[in-house]
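Beneath this line is the structure, given in structure tokens, with notes to follow.
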Amino acid sequence: MGEPGPPRSPGAEPPGSWAAPGGPPPPRAPGDQPVVPSDVYGPPSGPSAPPTRPGWSSNPKGTIWVIAIVAVVAILVRTHHITSTEIILFCVIIPSIILHEISHGVVALWFGDDTAKRAGRLTLNPIPHIDPIGTLLVPGLLALSGVGFFGWAKPVPVNLGKLRNPRNHGVLVSLAGPFTNVALAAAAGAVYVLVHGAAPVLFATLPLWARVVVLLGLVNVGLAAFNLIPIPPLDGSVLFERLLPRAWWPAYLRIRPYTMPILLGLVVINFYLHPGPLTWFFNEIVTWWLNLLRVF
């Protein structure tokens, strides 16, 4: 959501992802159905690539971006150019994106790959995960424009060659992100119904905590649905790639690097169409979620 992909250690699976569309992987051996999980590629572990522990002091650019975004939000609030709903949307989407990303590394660790752990990326500190464009700018613009709610974080590094079963476990690593968003949405919906009840209510009349919970669920439903679209570099593409016939794979590899510009172009086009495809997509999600909770 391209820069050349990072070096990989021997045995690592090739990259090609939501956050690192660095070019097509080489063809596989005959009979080997390729699986290219999205969103989870990064530098290898091992003696040639010592683990790093990014944080506040080692990622000053991320810290500067956070300060800049907070300053912009403060200015908008003071000049009444931003609503409380937009602030809530922006505040809930960032941790949702980060938890989506961390889940890739956690599941990879379960299956034998400690690359993300060694790189210090299994942390709830948001700074190591922030991509200034995907984690701050795009979600902020979308929240302010009312177009939708999605974004991305820096890819958690995963060495598929270290997974016990790279072909099958790679699929689960990719789908861990959308599953996390579904779990967060389910938890938010359960909290809302248990505490507030299921009586019909206007969103504007809800107390602050209830609005935060409703929007937390809404954002995570949107993130899960969007990431499960079966086109690269979204997470759902892993299912498409798993089922792709081997004879189609060479042609697919040639077009895969260009799918990210297509997605970004879709975002830009959406601002000029009324309504655009993304607006329609997210409006359907909003309607479904609010009707489910009986919030109007």
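Here is how the numbers come out for the structure above:
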{"quantity": "Normalised contact order of the stretch 60-293, rounded percent, pairs of Cα under 8 Å and 6 or more residues apart", "calculated": "20"}
{"quantity": "Debye intensity ratio in log₁₀ form over the Cα atoms of the stretch 60-293, taken at each q of 0.14 Å⁻¹", "calculated": "-1.00"}
{"quantity": "Karplus-derived 3J(HN,Hα), 6.51/-1.76/1.60, for each residue of the stretch 102-110, Hz, glycine and proline x", "calculated": "4, 4, 4, x, 5, 5, 4, 4, 4"}
{"quantity": "Whole-Hz couplings from phi, Karplus 6.51/-1.76/1.60, listed for the stretch 130-137; x for Gly and Pro", "calculated": "6, 9, x, 6, x, 9, 10, 5"}
{"quantity": "Among 202-214, 243-255, the order from most to least packed when residues are scored by Cβ within 10 Å on average", "calculated": "202-214, 243-255"}
{"quantity": "For Val158, residues with placed amide H under 5 Å, excluding near neighbours", "calculated": "Tyr41, Gly42"}
{"quantity": "Amide hydrogen neighbours beyond the local backbone of Ile229, cut-off 5 Å, H modeled", "calculated": "Gly236"}
{"quantity": "For the stretch 213-223, Karplus couplings with θ = phi - 60° (6.51, -1.76, 1.60), whole Hz, Gly/Pro x", "calculated": "5, 4, 6, 4, x, 4, 4, 6, 4, x, 5"}
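Quick note: the coordinates plus some simple rules give every number you see, no bench work behind them. Keep in mind it's a predicted model, so treat the numbers as computed, not measured. So basically every Cβ, Gly included, is an ideal-geometry build from the backbone, and we count neighbours across all protein chains shown.
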